[in-house]
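The structure appears below as structure tokens.
Rule-based calculations on the coordinates, nothing more; no lab input. Just so we're clear, the structure is a prediction, and the values are computed from it rather than from any experiment. Virtual Cβ from ideal backbone geometry, glycine too; neighbours counted across all protein chains shown.
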Amino acid sequence: MDTQTTNLYLSPLDALGLRLYLRKGDDEISAFNQACEFCRKHGYSNWRLDTHGIYLLRYPEATNETGKLIFGILETPSLPEALHQVIDLLRFYNRYGLEVYPNAKKRGETYQEYVLRKLARDCQEIVGSSAEFSTGYGQSHVWVANRLTSRRILLMHF
């Protein structure tokens, strides 16, 4: 089984032709079904040349509702080692996001807005001084790109 240094494994169940990166010990069938639902909702499939994998890091003690989980879309064949900390952020927000949200949100801020705002800030701290990467966010996603080519590496959204 192919692994990455992020301690995630590639699911052998990927019928869409996309690699599915899961937390070790997660239920592959359930995660696969949820990833397929996410792909259908957002139009990701094997025809989309820019999609090389999906990070779905779920935790049994946290919610696993699709609208409450932040997904990572890998848009390059592999994730540069310098960005593995960004994957740790996905783990953190999927595990503890709903727990910290009530006390950390801004007035009137939805859960998704809160996570995207915090994730964007955290990504900026990770890549901010890097000559190799840049990051930013829109209304519904956060991205990390190669600074020189502007090619997106990782896109994160619900």
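Worth pointing out:
- Whether the range 114-155 is rounded, prolate or oblate, judged on the alpha carbon gyration tensor where a/c under 1.5 counts as rounded: oblate
- In terms of its C-alpha gyration tensor, the range 23-151 has an oblate overall shape, because the principal axis ratio a/c (a ≥ b ≥ c, square roots of the eigenvalues) is not below 1.5 and a/b does not outweigh b/c.
- Charge sum, other residues only, whose C-beta stays under 13 Å from D26's C-beta, Lys/Arg counted +1 and Asp/Glu -1: +2
- Cα centroid of the range 114-158 to Cα centroid of the range 57-77, whole Å: 17 Å
- Between E109 and T149, the distance separating the two model label sites (each 7 Å from Cα on the Cα→Cβ line) works out to 3.4 nm.
- Fully extended contour minus Cα-Cα distance, from E132 to E65, at 0.36 nm per residue: 20.7 nm
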